[in-house]
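Notes for the one structure printed next.
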Amino acid sequence: WNTIGIIGAMDEEIKQLHEHVEVASQYTQAGITYYKGTLHGRSVIYCKSGVGKVNAAVCTQLLIGAGVDCILFTGVAGALDPRLQIGDIVVSTTCIQHDMDCTPLGFPQGVIPYQEVSEFVADPELVKLATGVSELLFPGRSVAGKVLSGDQFIASRDKVNELYEGLRGACAEMEGAAVAQVCQMNGTPFVIIRSMSDKADGSAHVNFEEFTVKASDHSMRMIDEMLKRM
Ligand code: ADE
């Protein structure tokens, strides 16, 4: 990889990039600041997209326009898979927008009408690298699976059951599938790395406040270790 793009949605998620990347230059486009520099000798561009699918999509397209060869996303998520505990890691195999809902027209939940692909496949090489690193850093505490994205903070058992039973999501967050779709449209390899800040249930808002820093740190350790091996 020549230049690696790294996105986080919130300040907590990119804080350690500010600390570890040797930044050579920066510029702002569409209100998003892009930092160009090096991390473990690799050329990187990183940025904070902001929360939600529209922010993530705009951010990703601009990052691809800036010439990155692949995109890594780092951040936190709500666990859907009951095996996952707070702090555990999900590596995306695929991503779906769970709030894409044209079921009244007969399309299954998450399916984008009149479009060939609605489940966006992460780059196998990046998935392999990430799962290797997660087993090294967090043995027995990671899952490779489906990342579900929507412009909703999930905070109820009913919704968890719907997303886990219905769509078989490993975790729920608010950006991954938008990044994934833009990457797919551009032919850019990607992988989404998420650490669990909560279990998307009735305690999710409290857990999110408490564990976002720790979970962001876990996700960032993944990115750091992956960079050394890319
Ligand atoms: N990010 C972290 N926790 C989340 C949740 N419960 N729902 C959506 N996005 C999240």
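Only one of (1) more than 16 Å from the ligand (Cβ to nearest atom); (2) among the aliphatic types (A, V, I, L, M); (3) crowded, with 16+ Cβ neighbours inside 10 Å fails for M100. Which number is that?
It fails just one condition, (1).
Being modelled with pLDDT of 95 or more, within 16 Å of the ligand (Cβ to nearest atom), surrounded by fewer than 21 Cβ atoms within 10 Å (Cβ to Cβ) and not hydroxyl-bearing (S, T, Y) is the requirement here; does Q184 meet it?
Details: modelled with pLDDT of 95 or more: yes; within 16 Å of the ligand (Cβ to nearest atom): no; surrounded by fewer than 21 Cβ atoms within 10 Å (Cβ to Cβ): yes; not hydroxyl-bearing (S, T, Y): yes.
Here the answer is no, as Q184 does not meet what is asked.
Being under 19 Å from K228 (Cα atoms) and of a type in the set (S, T, Y) is the filter here, so list the residues in region 43-57 that pass it.
Residues satisfying the conditions are S43, Y46.
Which one is farthest from the chain's Cα centre (by Cα) among residues in region 102-111 that are assigned to a loop (DSSP other than H, G, I, E, B) and without any contact (Cβ under 8 Å) to a residue 24 or more places away in the chain? If you could, list the steps in order and put the result at the bottom.
Start the filter on region 102-111 by keeping residues that are assigned to a loop (DSSP other than H, G, I, E, B), which leaves 102, 106-111.
Subsequent filtering for residues that are without any contact (Cβ under 8 Å) to a residue 24 or more places away in the chain retains 102, 106-108, 111.
Values: C102: 24, G106: 29, F107: 25, P108: 23, V111: 19 Å.
The residue in question is G106.
Is at least one residue of region 20-35 under 21 Å from V133 (Cβ atoms), modelled with pLDDT of 95 or more, aromatic (F, W, Y) and surrounded by 18 or more Cβ atoms within 10 Å (Cβ to Cβ)?
no
Please state which one of R157, R168 is of a type in the set (K, R) and away from the ligand (no atom under 13 Å from the Cβ). Walk me through it before giving the result.
Working: R157 fails: away from the ligand (no atom under 13 Å from the Cβ).
Sole residue among the options that is of a type in the set (K, R) and away from the ligand (no atom under 13 Å from the Cβ): R168.
Tell me the residue from V111, V91 that is farther than 21 Å from E162 by Cβ and more than 15 Å from the ligand (Cβ to nearest atom), please. Give the steps one after another, and end with the answer.
Working: V111 fails: farther than 21 Å from E162 by Cβ.
When all the criteria are applied, what remains is V91.
Could you tell me whether region 191-199 includes any residue that is among the charged types (D, E, K, R), under 16 Å from C95 (Cα atoms) and at pLDDT 95 or above?
Residues of region 191-199 that are among the charged types (D, E, K, R), as a first pass: 194, 198-199.
Okay, now just the ones that are also under 16 Å from C95 (Cα atoms), so 194.
Still in the list and also at pLDDT 95 or above: 194.
Yes, region 191-199 contains a residue that is among the charged types (D, E, K, R), under 16 Å from C95 (Cα atoms) and at pLDDT 95 or above.
Taking V179 and the conditions (1) under 22 Å from Q109 (Cβ atoms); (2) of a type in the set (A, V, I, L, M); (3) more than 8 Å from the ligand (Cβ to nearest atom); (4) in contact with a His (Cβ under 9 Å, 6 or more places away or on another chain), which numbered condition does it fall short on, given that it satisfies the others?
The number of the failed condition is (4).
T60 is checked against (1) at pLDDT 95 or above; (2) within 16 Å of the ligand (Cβ to nearest atom); (3) in contact with a Ser or Thr (Cβ under 9 Å, 6 or more places away or on another chain) and fails just one. What number does that condition carry?
That leaves (2) as the condition not met.
With touching a residue at least 12 places away in the same chain (Cβ under 8 Å) and among the aromatic types (F, W, Y) as the only criterion, which of Y27, Y35 stands out? Spell out how you get there, then give the answer.
Working: Y27 fails: touching a residue at least 12 places away in the same chain (Cβ under 8 Å).
Exactly one residue qualifies, and that residue is Y35.
Tell me the strands (runs of 3 or more DSSP E) entirely within region 1-99 that contain at least 2 residues that are under 18 Å from A178 (Cα atoms). Lay out the reasoning, then the answer.
Details: elements: 3-8, 22-29, 32-39, 42-48, 70-79, 89-97.
Passing ranges, in order: 3-8, 42-48, 70-79, 89-97.
The values are calculated or read from the model by the stated rules, or taken from the named source; none is laboratory data. No experiment lies behind these values; they were computed from the predicted model shown. With ideal geometry, Cβ positions are generated from the backbone for all residues, glycine too; neighbour counts draw on all protein chains shown.
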